[in-house]
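These notes concern the structure reproduced below.
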2 protein chains.
Amino acid sequence: MSVIDAMPDVAIQLRAAQDAFIRRWGEMGQTWGINRTMAEIHALLYITGEPLCADAVIDRLNISRGNTSMSLRGLCEYGIVRRIHRRGERREFFETHSDVWEMFSLIAAERKRREMDPVLEAIQQCQRMLDAKALGKSAAGRSDVRLTRERLAGMEEFMSVTNRVCQQFIDNARAGGSRLARLLLKAL
Amino acid sequence: MSVIDAMPDVAIQLRAAQDAFIRRWGEMGQTWGINRTMAEIHALLYITGEPLCADAVIDRLNISRGNTSMSLRGLCEYGIVRRIHRRGERREFFETHSDVWEMFSLIAAERKRREMDPVLEAIQQCQRMLDAKALGKSAAGRSDVRLTRERLAGMEEFMSVTNRVCQQFIDNARAGGSRLARLLLKAL
DNA sequence: CTATACTTTCAGTAATATCTGAAAGAACAG
DNA sequence: CTGTTCTTTCAGATATTACTGAAAGTATAG
């Protein structure tokens, strides 16, 4: 007899809805550079709302112990999942933030730090490689140099504005829940 | 004798700066779900600023003809690169938009359509699976159902606000160049 | 100390994504 | 039509990433 046979109808329906969410979230994760399993574990923790132990995750998602352990560790390192120790329990439990805004602000902060900041830095480095000091006067007239300078300038502007917008999002989300939702809708 | 030996110093320095940009852009692409080659080709077209033919790309990035052809096609389908036919030339040339804002708005529009809209739709579908009509009265008291409903509602709010913000970005960027930069900086 | 309950690690394997190069196709000139 | 030049396609090779399961590790209870 499977687990499902023992459940009342409402529980089956609940599980179906949760599974649909989990599957979608997993798919989306892939196209955003998070692997499917990690995204699914995260979705499971988010959607059930209560702390789960490793075995619950293993059973529900049909993945190996090793994979579960590594993925949970990754999620914890990212800061969007936390470990919970319960008195008198040997097992550890895991849960996500309940506030989505806070959760995404953690993700945004991490990606900004790891990916956006270094790119901006690299672009500015490229600009320095082509400034007057580095190239001398002979370069000024060259159309290829002029073109590349223009392109770098355009990208630099975009990335630095984006970075600042991102920082605003991060700061506001941390400050408090869905206050940012109202702010964003009003602003744009 | 290599290509580089024949170039004046300025050209060597220009090439070095361009290469640095291309490498970074390729790395960034990977973490955002675009493969390295595609991102590098795009970076090359962007940074040189003038239309290039397939052979120029092949020589500069050391990739195969096949890969170049497929990647260029992908970039064209995405809408961020366009083909150019020159009279009297049998070869085709390729170029990117010069306006970064417009470029990213195309990317944003495509990803919103392909990834964000379906997720929002899926979440709303999950909510319908758990509403009063679907579950009946017996479900109202269950704390697991209540929890999942709350979580779905939180996610739904986040995704729908994000979607609207995204749409605003897309509309404004299309309307005109870096006007959006000023708008964004003032708004937040 | 040993037994028990649980977690982590990691070598090996499986699955996916990416790339190449050669062959076929298309467009044009003469 | 033929020859030339360039493009596309795709089967197979390669590289990358993800996953498993068993062994080693850790913590607690007794």
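Where a number appears in this text, it was derived from the coordinates with a stated rule and is not lab data. Since we're looking at a predicted model, the values are computed, not measured. Here the Cβ is made from the backbone with ideal geometry for all residues, glycine too, and neighbour counts use every protein chain on show.
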Requested in this report: Mind sorting A:T162, B:T148 by how few other Cβ atoms lie within 10 Å of their own Cβ, fewest first?
Outcome: A:T162, B:T148
Query raised in the report: How large is the helix-only mean residue ellipticity at 222 nm for chain B, computed as the sum of -39500 (n - 2.57) over DSSP H runs with n ≥ 4, divided by its residue count, in deg cm²/dmol to the nearest 500?
Result: -22000 deg cm²/dmol
Report summary line: Among A:K186/B:K133; A:K112/A:K186; A:K186/B:K137; A:K112/A:K137; A:K133/B:K186, the pairs whose Cα-Cα distance exceeds 26 Å are A:K186/B:K133; A:K186/B:K137; A:K112/A:K137; A:K133/B:K186
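Going by how many other Cβ atoms sit within 10 Å of their own, how do A:I63, A:I22 line up, fewest first?
A:I63, A:I22
With a Förster radius of 51 Å, plug the Cβ-Cβ distance of A:I84 and B:E27 into 1/(1 + (r/R0)^6) and report the FRET value to the nearest 0.05.
Using R0 = 51 Å, I get an efficiency of 0.90.
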Report summary line: Cβ-Cβ cut-off under 14 Å around A:L72, Lys and Arg +1, Asp and Glu -1: the net charge is +1
Query raised in the report: In degrees, nearest 10, range 0 to 90: what is the angle between the Cα axis of helix B:65-78 and the longest Cα principal axis of chain B?
Result: 50
Report task. Given the options A:G141, A:G79, A:G33, state which has the largest fluctuation in a GNM of chain A using a 10 Å cut-off (strictly under) for Cα springs. Result -> A:G141
Query raised in the report: Which angle from 0 to 90°, rounded to the nearest 10, does the C-alpha axis of helix B:117-129 make with the longest principal axis of chain B?
Result: 10
Report task. Using a cut-off of under 16 Å, list every residue of region A:153-167 whose amide N is near the label point 7 Å from the Cα of A:D131 along the Cα-to-beta-carbon line. Result -> A:153-154, A:156-157
Query - Gyration tensor verdict on region B:1-95 (Cα atoms; rounded if a/c is under 1.5, prolate if a/b is larger than b/c, oblate otherwise) - result: oblate
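Fewest to most neighbouring Cβ within 10 Å: what's the order for A:E77, A:E92?
If I rank by nearby Cβ atoms, fewest first, I get A:E77, A:E92.
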Query raised in the report: Among residues other than A:Q124 whose Cβ falls under 13 Å from its Cβ, what is the net charge (Lys/Arg +1, Asp/Glu -1)?
Result: -2
Requested in this report: Return the average number of partner chain Cβ atoms within 10 angstrom of each residue Cβ along peptide B:156-163.
Outcome: 4
